[in-house]
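The values are calculated or read from the model by the stated rules, or taken from the named source; none is laboratory data. In this text the structure is predicted, and so the values were computed from the model without any measurement. Note: ideal-geometry Cβ built from the backbone for every residue, glycine included; neighbour counts use all protein chains shown. Heads up: the accessible areas ignore ligands, DNA and RNA and are worked out on the full protein's heavy atoms, side chains in. Shrake-Rupley method; radii C 1.70, N 1.55, O 1.52, S 1.80 Å.
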Amino acid sequence: MSIITSLNKQATNLARKALRLGNDFVHPVSDDSGNTPDYNDPNSILSPDGHIELPHTAEWGPGYPSTTFLDPETGLLTTKTEGNPPLDEGTSIYDIYADRAARMGDEPLYTFKQDGDWHTKTANETLADIRAVAKGLLHYGLKKGDGVAFMCRTSYDWDVFDAAVMACGGVLATIYDTDSAEQIRNIVNNSDARLLVVETTDMKAKADGAETECPTLEHIVCFETGGLDEIKAYGSGVSDEALDARIDSVQKTDLCSIVYTSGSTAAPKGVEMTHEHYCATAFNMPELLHDKKNTVLLFLPQAHSFARAINYICVASNLHIYIAQGIKTLTADLQVAKPTIMIVVPRVLEKVYNAASQKAGHGAKGVAFAAAVVAAQNYMKEVSTKGKTGTLTKARRAAFDPVVYASLREVLGGRAKWIVAGGAPLDPELLAFFRGAGVPVYEGYGLTETTAPCAFNVLGVPYHQGSVGIAFPGFELRIAEDGEIQVKGASVFPKYHKNGEATEDSFTEDGWYKTGDLGRIDDDGFLYIIGRKKDLIITAGGKNVSPGPIEDVIKRCEFVSQALVLGDKRPFISALITLDEEALRPWLESKGLNRDMSMEEASSNAAVRAEVQKWVDLANEGVSRAESVRKFIILPEEFTQENGLMTASMKVIRPKVIKRYATLLNTQMYTKKK
């Protein structure tokens, strides 16, 4: 051991002692004042009761009371939050933009980057662009109910074209910008699209030939080669009166979109959405969104119902919307937008955490960062169990604020008031860290079939560790006898497109949508997600195992990107684990190993495996032996959209992973005894 290494080790040990940080530490993967959490005032916190008499009603937002009760007819625990009155019959998505222009016509609506410069469009300018494109679509001959397939990254053009199709009464079938040529054709055919509109020439190359292969497809339009301007040019001869007549003919119950599920547990299905689904969601949001000083940064793919619904919600509010250039430029875009509100998927927060952890390193600074993580988590655990924190816990958290937490808030723009995480499960320990650090992360829950949010944590609700919140306004949630979460509300879809069998299987006899997720509701009406019914593993010995909680713990290893727990109809539970190369290399160097070794070498390296084993052991401590991971294999490649193993909403496609690695599982993971 060199003198430098010895001194570093001594400094690390001293730091551990000074900060009272044990050797068992494990990584989980603002307002203007910027230095205290938004829930730090004990007077604004409601202590969770040990037991609450049902029915129980609480009002978390003005005019939105939530009631939790035992349904007298079914005997099932149910919770609901009141929403706005039913919409007028003639309400459409176009009205969201028209209303914004009427209220705030000359004020900024969208800011986005184009040709290297940031541009801003007012609400009036945006509405004019929407009408110009809509007129062009009328000139083309687009009729009410006609299908338009659309493949484009999140952008201003996406929002304008989408709204123009809505104004015409068309039906938009969304295609992810990462979808394959086969997926494009499947969606065009399933939606009976007359038009296929793509953003780039690369996308058009994937679509070439579709006109002859898809019976209803008449034309392909490409934005990059001037297609959007061409549509506008043709619309110049269409009168305002003709467009207004079409807009007025659109009803709230008209089909407006077919959105395809991510297909993480089965083949994608086309979810039929009406104008009412999106509008009811958009008009049921909290007061925070009505402050003109607040900004939001959008970057998730709007082909997904979650991101698209969020855009409508933001337009219906008073927020100034910034559109990021993509995930790769997110850090720089955050400093431009300085958002007060953000909508993220858990993977984004994991990357923010990992970047902060890597920057701290593995010496004394790394120990200080680890102590700051523990202080933040302990702070939030006390808030969750007691409704307030003790003096010592509060002081330890405050000590780390200027040196650790403040810089984390600055990375996210420095003004965050409400960061909503959805689309996939968020590790409760990671959430506790961010909240304790004064980064206001709130988890929500929803599905494509519920027009995204059906449960959320609004500002002002007491912190409940691990909960995705209360029922979203206008929704009812209940837990079936087998633990499945079931949903009812104005924004729940009516059926799957051309798939009567799947529709019938998805609803109960009394009309509740069966989500396929397992959960529980506490007496306060807070929903907790336990796992996915289709992910539920039943071992050969008959033991039921929910893989989610086990995977969450393993993924807390700083260089693990994904963990997939397996074992259905197998003799024991196992796991396939992937490595985050960006996080792995500095870890290798800190351990005196070759940081440039190939991923194949790293996946079989004894030191790497030993580190992963620690996390597997930790995960096993929380479950019975029958549920514990007995064996794992580290893979040299990650699960990605490019290799078809992850959806665009960042969910691992379990059946495809199992199929891809079937030989590995049958010959190395589960070998027959001789």
Calculate, in nm to one decimal, what GLU211 and LYS386 gain on full extension: separation in residues at 0.36 nm each, minus their alpha carbon distance.
56.7 nm
Counting other C-beta atoms within 10 Å, and keeping those with at most 13, which DSSP coil trypsin sites (Lys or Arg not before Pro) do you find in the stretch 200-242?
none
Could you state the number of Å between the C-alpha centres of the stretch 201-250 and the stretch 550-611?
47
With a Förster radius of 56 Å, plug the Cβ-Cβ distance of GLN465 and GLN251 into 1/(1 + (r/R0)^6) and report the FRET value to the nearest 0.05.
0.80
Along Cα→Cβ, 7 Å out, is where each label goes; now give me the distance between the ones at LEU618 and ASP482 in nm to one decimal.
3.4
What's the whole-number percent of alpha carbon pairs in the stretch 623-674 lying beyond 18 angstrom?
46
Accessible area expressed per residue, the chain, with surrounding protein chains retained (probe 1.4 Å, Å²):
42
With the crude spin-label approximation of a point 7 Å out along Cα→Cβ, what separation in nm comes out for ALA424 versus GLN335?
2.7
Net charge near VAL657: determine it from the other residues with C-beta under 13 Å of the C-beta of VAL657, scoring Lys and Arg +1 and Asp and Glu -1.
0
Under 5 Å between amide hydrogens, which residues at least 5 positions from ARG532 or on another chain qualify, with H placed 1.01 Å from N in the peptide plane?
LEU518, GLY548
Mean-position separation - Cα centroids, the stretch 626-651 and the stretch 56-113, in angstrom
37
Please identify every one of the GluC sites (Glu not before Pro) in the stretch 196-241 that sits in a loop by DSSP and has no more than 14 other beta carbons within 10 Å of its own beta carbon.
GLU218
Assuming a viscosity of 1.002 mPa s and a temperature of 20 °C, what translational diffusion coefficient in µm² per second does Stokes-Einstein assign to the stretch 520-674, Rh being the Kirkwood radius over Cα pairs?
129
Kirkwood-Stokes translational diffusion coefficient of the stretch 358-405, alpha-carbon pairs, 25 °C, 0.890 mPa s, µm²/s
220
Using R₀ = 30 Å, calculate the FRET efficiency as 1/(1 + (r/R₀)^6) where r is the Cβ-Cβ separation of GLU589 and GLN325; round to 0.05.
0.45
Can you pull out the trypsin sites (Lys or Arg not before Pro) in the stretch 531-572 that DSSP calls coil and that have at most 13 other Cβ atoms within 10 Å?
LYS569
Env charge @ PRO85, Cβ radius under 15 Å, K,R +1 / D,E -1, value -3
I'd like the FRET efficiency for ALA662 and GLU600, computed as 1/(1 + (r/R0)^6) with the beta carbon distance as r and R0 of 22 Å, rounded to 0.05.
0.65
Along each of the three principal axes of the Cα atoms of the stretch 569-657, give the extent in whole Å, ordering the values from largest to smallest.
39, 32, 19
Stretched out fully, how many nm does the piece from GLN641 to ASP229 gain, at 0.36 nm a residue minus the Cα gap?
145.2 nm
Reachable lysines from LYS144, Cα under 18 Å, same-chain residues fewer than 8 places away excluded?
LYS135, LYS252
Ranking by accessible area, most exposed first, for TRP118, TRP158 with a 1.4 Å probe
TRP118, TRP158
What number does the stretch 327-456 give for Rg over Rh if you use C-alpha atoms and the Kirkwood radius?
0.98
Environment charge at THR391 (Cβ cut-off 12 Å; Lys +1, Arg +1, Asp -1, Glu -1)
+3
Solvent-accessible area of LYS292 with every protein chain in place, 1.4 Å probe, in Å² to the nearest 10
110
Between the alpha-carbon centers of the stretch 296-331 and the stretch 418-493, tell me the distance in whole angstrom.
19
Expected unfolding gain across LEU76-ASP115 under the 0.36 nm per residue rule, minus the alpha-carbon gap, is 8.5 nm
Peptide ranges 392-405, 103-116 listed from the most packed, as the mean C-beta count within 10 angstrom indicates:
392-405, 103-116
With every protein chain in place, the accessible area of ARG520 for a 1.4 Å probe, in Å² rounded to the nearest 10, comes to 110
How many times 2.2 N^0.38 Å is the alpha carbon radius of gyration of the stretch 65-183?
1.44
